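To start, the structure itself, in structure tokens.
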4 protein chains.
Amino acid sequence: MSKIQVAILGATGMIGQRFIQMLEDHPYFEIEGMYASERSEGKKLADVLKVRDHVYKDETMDTKIQVMDVKKIAQNCRIAFSGIPSDLAGPTETELAEAGVGVFTNAGSHRMDKNVPILIPEVNPEHMYAIKDQSYYSNGGFIITNANCSSTGIAAPLAAIDKSFGLKQVFVSTYQALSGAGYPGVPSLDAVGNVVPFISHEEEKMETELGKMLGSYTDGDFRYAPFKVIANCARVPVVDGHLESLVLDMDKQPSLEEVEACLVNFRGEPQKLGLPSAPEQPIIVRKEDNRPQPVFDAMAGRPARARGMAVTVGRLRQGNGYYKAFVMSHNTLRGGAGGSVLNAELAKAKNII
Amino acid sequence: MSKIQVAILGATGMIGQRFIQMLEDHPYFEIEGMYASERSEGKKLADVLKVRDHVYKDETMDTKIQVMDVKKIAQNCRIAFSGIPSDLAGPTETELAEAGVGVFTNAGSHRMDKNVPILIPEVNPEHMYAIKDQSYYSNGGFIITNANCSSTGIAAPLAAIDKSFGLKQVFVSTYQALSGAGYPGVPSLDAVGNVVPFISHEEEKMETELGKMLGSYTDGDFRYAPFKVIANCARVPVVDGHLESLVLDMDKQPSLEEVEACLVNFRGEPQKLGLPSAPEQPIIVRKEDNRPQPVFDAMAGRPARARGMAVTVGRLRQGNGYYKAFVMSHNTLRGGAGGSVLNAELAKAKNII
Amino acid sequence: MSKIQVAILGATGMIGQRFIQMLEDHPYFEIEGMYASERSEGKKLADVLKVRDHVYKDETMDTKIQVMDVKKIAQNCRIAFSGIPSDLAGPTETELAEAGVGVFTNAGSHRMDKNVPILIPEVNPEHMYAIKDQSYYSNGGFIITNANCSSTGIAAPLAAIDKSFGLKQVFVSTYQALSGAGYPGVPSLDAVGNVVPFISHEEEKMETELGKMLGSYTDGDFRYAPFKVIANCARVPVVDGHLESLVLDMDKQPSLEEVEACLVNFRGEPQKLGLPSAPEQPIIVRKEDNRPQPVFDAMAGRPARARGMAVTVGRLRQGNGYYKAFVMSHNTLRGGAGGSVLNAELAKAKNII
Amino acid sequence: MSKIQVAILGATGMIGQRFIQMLEDHPYFEIEGMYASERSEGKKLADVLKVRDHVYKDETMDTKIQVMDVKKIAQNCRIAFSGIPSDLAGPTETELAEAGVGVFTNAGSHRMDKNVPILIPEVNPEHMYAIKDQSYYSNGGFIITNANCSSTGIAAPLAAIDKSFGLKQVFVSTYQALSGAGYPGVPSLDAVGNVVPFISHEEEKMETELGKMLGSYTDGDFRYAPFKVIANCARVPVVDGHLESLVLDMDKQPSLEEVEACLVNFRGEPQKLGLPSAPEQPIIVRKEDNRPQPVFDAMAGRPARARGMAVTVGRLRQGNGYYKAFVMSHNTLRGGAGGSVLNAELAKAKNII
């Protein structure tokens, strides 16, 4: 069976390079081209290397960056993975969808659009079918987004708990990594030995996206899940991996053992379908005093292809009527490129592409 | 008027050195001696320098560290400031109080003792008189503690808000500085590019100390304030200054302007008395998008003697029925040595010493 | 005596803000205006705060940034301090000098010009008079530069040693702070947990500027000192303070005690004249095993106005026929704004302005 | 062919854990046991995890640490890899060698012993045979050391250059990673935003070990290579990977192209023998402006088993009669555990074990 040709958009950025990393030797997909703005035209991937734990093959490193060309992409590729910065992504992605390309995007531009799903295959696989109501769909095109990185990190644990025990309120504070701001992103003088308690629009995204994702799609509309999210977001001097503190208000009052079992045993559609980038166990629970930590847990996930795709929950505690935990996820893998790759794998398994 | 002779205990540590810094040229107090364990005997302060922004006078830097000697201290000093590590402080502080010395301590050993106040002069000055019920008091000795650094940082804002609008619940997540763990403290391999979501006993302290401080002392007993505190504590790679995210559940629903006014206009006993280390404005409210930050706001406070003694509130927001903010305070000044120095200044002003 | 009115150019940058810091309450100078590019027009200094250890007065913080205006500056100011980025500074500084303004600049644009001195008052005060050969001088204008920050840091120790023992070769490797690259400067993803062994043109500057500074100005030309400088430059994740490792090849073979005495006893023109920003002891020698360090020694210098103006030498060693040391200096004070302020103080004391 | 049973000593430390990492699924060796001091007895490897980029198999993570037991190790193991701290390693290693165990050690205790080689298979493979003059050898025991991490990093480039062009003098300044100090090692308050220009005995080691390694072993004695090494050593806030600046004084004056070719084409005994942990190309030369950097180049080396075993040279320059470069190597792989593993592979290939 021949592989599906894919374009990578925004190939010089943090997310673009993670797309490349996750798509090398992929069983379903083959990189047709790496695209970016004119500034990067003709540069080799090696020249614009940003991801620290790069594991690229020699060939890829010498691949040259091309200028974005909707017509060419539409001719050669069934789908495109978009790591374009959110402020630029909207129109290009629409153009591609209109030209019949299936767009899997990390950008926020279309997340709140009427028929555009924010898809996490473990959480809301049925939302994928909202694309059938997109105007582009008749032409073969569509737009599927992944969630904001901070929302993604806690989406699976919240979905598992909501289903078993009923979520009423979620209080979350984030300790977000620098790679989330892209490159050049945060100036070092703001980062070294410092914390910046502000990330533009991040709290708003967390307070709305999670409700959309954990809600349902009925009669052409997304109905939001009814629980409240109250978010405080901050940037810390960590390279990769978002840590988030959670306080949960639930309908039921399960024991900590029951909460732990609910998380550890959680499996979703990607696990049932055996998708290539799906972690065998999507939620890992650690029992040590002092975990999860970015440097040890951001890359959690097995097998090798699913490194950085599991989320890790630790320090489960209970008190004052609430449940507390810290959650760790990789912001540019599970919360970025990896999320969209898994979405495309689901689409392939369900014969959407 | 001659100055009161004071001993500094644990003079080689982070808190001990902050005591020295705050007591140089102090109008009420004069350092009689710097004391520590035998390991440091005879070393000069310059040899054990740990505080980065040191502003010591030349004389002090050459002062030699002496071994702790209760008898000698009791003979020469009216009071002692203790920066002894909490696991060692208890018995020594008791011995000193029994010998007639007034102990102002940063250690946690006695904080939960029946008649020992956790004193913040802006918050609960009347708690000071609990010492009259201590057995040592007849002899002139007593123990007054300052609060845990994370509790201190938010105590004044919470007290102001509780008084005006009634506090029901406080959800707090901390971004705590490395200096809070002392020296050598956190290994660099755990700190660089990492966050550790665990600080031993810190959450328990926050969830109990604030209730004790904001409660009342009646009939020989502390009655706790009834609001709930739900805490998540983490260590970030910052040198000085604890940042804390707050979500507040209040009885009333004031406007953000009212909340801001309540904080900005807050003044306490130290401001009324004009105590030397009291910041003119104990709670600063910043309106920028991205403040407070450790590197800019940890040292807030005027005049010069009160640097690091003000707390800074920023990013006041409202939504979902809650109020949100970030709060910044200096963990080894306001939340450590400075807290005890201000306590001693109150005691002096009230003729307790 | 009324103070000299001065303009600060590039007031929103790291160097510009250090100029402001050093000129507050200055006995000779008064800030007439803060100037920058149009992007910053009308912003308050508080809005663009970059220097972490800011000690600005309230008034200054509210001062508004104006757009650069040569005519206006020439009318109102006798001199201008320039913190303009080097790639933009050249033409503006020339225009100002032509308009009769004395320009003291941190930019590199004019450093290698025929009659423009690279001035360090302790090292080559007589070079100041080269300005008499500048075409602008008849009109009252001139350009005096300070050296590159890395060159400045070691200039005084090298001058002292060259005079006493004769320098043949200087091998230097730098550990340079992030603030040297300005703001936004180095991206945090390049800085956290990393070292970048390249700073554009830095090695070339070190290998030429030191020879010019330690040489002589005769017959309208600078004659370079004959010793060789061999430099390796790297950026480390430090906020302020350049550390440099030195290996020196000398004509004589003094004892380490003689080298130390030569450095400790070194005094220059600023010390003799008692210039306001001159450190009493311009070269401090530390005897501890592990000093100088950026966090403890970058701010060396007394009295208060001269903080960050002394350089610190440590780990003096000898072997294999060479002398070794580490040298520390504050790159944006002694090696930046402070250098130019001291230059202006010398000009004032010598009645050039 | 059955694998050789090996013991890992100091298994809980940074080097010990790197030994475990490099010996998993090793074609020659099988881990018989992990040994450490009594403090760690019975702990699982997972409990003492220190290496950030751990790639351990599940089984290994659950393996329990045993207390060091010379008798038991001698009975079960042909060789032992020692990551014991240098101050404790000496006597234990001697005991093991006396008991007939071949000891491959990262500790410095025996490096300067008369018949003990400091072995780098690419550099001085013939030194291995010095062990035949060790008293233990008749009994099957011996001690082979790897070099200090900073010496190792530059040994292969220096050997290549010395052979082709003749080395007269080497001026080296180091930018050394925190992992070199082990765990807990450097306190975070000394590391964050700081550089410490002192590492105990490091400069002395560099100035002697390189001469021993690049010299010859004749008539039972090591004759040192005649070039001089002049070293300045400093610790920077980097997790893994030592960067070193080099200035080389050579007999000949080759072009930069010739120097580069000499490095790129360098191959040693491990490459000829195809040893499992040997990097195909032991010296990589990078042409970018700003490389090598710890975060991109510390893990250089192919194939997968040889990651972290290549050294990277960059910024080759020439001037003033000298050659300049920056060199990067992984201090706990090539400069630590990996060095000893490669030594053992050489011993196996040469039928010494």
Tally time: how many residues in segment A:157-191 are surrounded by fewer than 24 Cβ atoms within 10 Å (Cβ to Cβ) and either touching a Gly at 6+ places or on another chain (Cβ under 8 Å) or assigned to a loop (DSSP other than H, G, I, E, B) (or both)?
-> 6
Failed criterion for A:VAL103 (all others in (1) in a helix (DSSP H, G or I); (2) within 15 Å of the chain's Cα centre (by Cα) hold) | (1)
If you check D:ALA261 against the conditions, is it in a helix (DSSP H, G or I) and farther than 26 Å from D:GLU24 by Cα?
-> yes
Mind listing whichever residues of segment D:284-329 are more than 9 Å from chain C (Cβ to nearest Cβ), buried (at least 24 other Cβ atoms within 10 Å of the Cβ) and in a strand (DSSP E or B)?
-> D:VAL311, D:THR312, D:VAL313, D:VAL327, D:SER329
Hey, can you tell me all the residues within segment A:1-14 that are crowded, with 24+ Cβ neighbours inside 10 Å and more than 17 Å from the chain's Cα centre (by Cα)?
-> A:VAL6, A:ALA7
Applying the selection to segment B:69-101, what residues are acidic (Asp, Glu) and under 18 Å from B:GLY13 (Cα atoms)?
-> B:ASP69, B:ASP87, B:GLU93
Are there any pairs with C-beta distances below 8 angstrom linking a residue in segment C:178-190 that is over 19 Å from C:CYS233 (Cα atoms) to a residue that is among the aromatic types (Phe, Trp, Tyr) and part of a loop (DSSP other than H, G, I, E, B), with the two at least 6 apart or on different chains, and if so which?
-> C:LEU189/A:TYR183
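Residues to consider are A:ILE154, A:ILE199; find the one that is within 14 Å of chain B (Cβ to nearest Cβ), free of Cβ contacts under 8 Å to residues at least 60 places away in the same chain and in contact with a strand residue (DSSP E or B) (Cβ under 7 Å, 6 or more places away or on another chain).
A:ILE199
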In segment C:228-247, is there at least one residue being within 9 Å of another protein chain (Cβ to nearest Cβ) and surrounded by fewer than 21 Cβ atoms within 10 Å (Cβ to Cβ)?
-> yes
Does segment B:202-214 hold any residues that are more than 11 Å from chain A (Cβ to nearest Cβ) and assigned to a helix (DSSP H, G or I), and which are they?
-> B:GLU202, B:LYS205, B:MET206, B:THR208, B:GLU209, B:LEU210, B:GLY211, B:LYS212, B:MET213
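Each row is one residue, and each column tells you yes or no for (1) charged (D, E, K, R); (2) closer than 17 Å to D:GLY339 by Cα.
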site	(1), (2)
D:ALA261	no, no
D:VAL264	no, no
D:PRO282	no, yes
D:LYS287	yes, no
Out of curiosity, is D:VAL123 out of contact with any Gly (no Cβ under 8 Å at 6 or more places or on another chain) and more than 28 Å from B:VAL192 (Cβ to Cβ)?
-> no
Identify all residues within segment A:108-167 that are assigned by TED's automatic domain parsing to the domain that holds A:GLN293 and at positive phi; write none if there are none.
-> A:GLY166
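Can you confirm whether B:MET112 is among the aliphatic types (A, V, I, L, M), surrounded by fewer than 17 Cβ atoms within 10 Å (Cβ to Cβ), away from every other protein chain (no Cβ under 14 Å) and in contact with a strand residue (DSSP E or B) (Cβ under 9 Å, 6 or more places away or on another chain)?
yes
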Only residues that are among the polar types (S, T, N, Q) and crowded, with 21+ Cβ neighbours inside 10 Å: list them for segment D:248-280, please.
-> D:SER277
State whether the residues of segment A:42-64 include one that is hydroxyl-bearing (Ser, Thr, Tyr) and assigned to a loop (DSSP other than H, G, I, E, B).
-> yes
Could you tell me which of the residues D:GLN17, D:GLN75 is of a type in the set (S, T, N, Q) and either under 17 Å from the mean Cα position of the chain (by Cα) or not in a helix (DSSP H, G or I) (or both)?
-> D:GLN17
Output yes when any residue across segment A:60-68 is β-branched (Val, Ile, Thr), more than 20 Å from D:LYS287 (Cα to Cα) and either within 22 Å of the chain's Cα centre (by Cα) or within 14 Å of chain D (Cβ to nearest Cβ) (or both), and no when none is.
-> no
Count, please, the residues in segment C:239-255 that happen to be in a loop (DSSP other than H, G, I, E, B) and within 27 Å of B:ASP53 (Cβ to Cβ).
-> 3
Residues of segment D:194-226 being over 20 Å from the mean Cα position of the chain (by Cα) and buried (at least 21 other Cβ atoms within 10 Å of the Cβ), which ones?
-> D:ASN194, D:VAL195, D:VAL196, D:PRO197
Looking only at segment A:186-196, and only at residues there that are within 30 Å of B:TYR322 (Cβ to Cβ) and in contact with a strand residue (DSSP E or B) (Cβ under 8 Å, 6 or more places away or on another chain), the one that is farthest from the other protein chains (Cβ to nearest Cβ) = A:ASP190
In segment B:65-89, what count of residues is obtained for those that are touching an Asp or Glu at 6+ places or on another chain (Cβ under 7 Å) and in contact (Cβ under 8 Å) with a residue 60 or more places away in the chain?
-> 3
Qualifying positions in segment A:113-151 - assigned to a helix (DSSP H, G or I) and without any contact (Cβ under 8 Å) to a residue 60 or more places away in the chain = A:LYS132, A:SER135, A:TYR136, A:TYR137, A:SER138, A:ASN139
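The values are calculated or read from the model by the stated rules, or taken from the named source; none is laboratory data. Nothing here was measured: the structure is a model prediction, and the numbers come from that model. We place every Cβ from the backbone using ideal geometry, glycine too, and count neighbours over all the protein chains shown.
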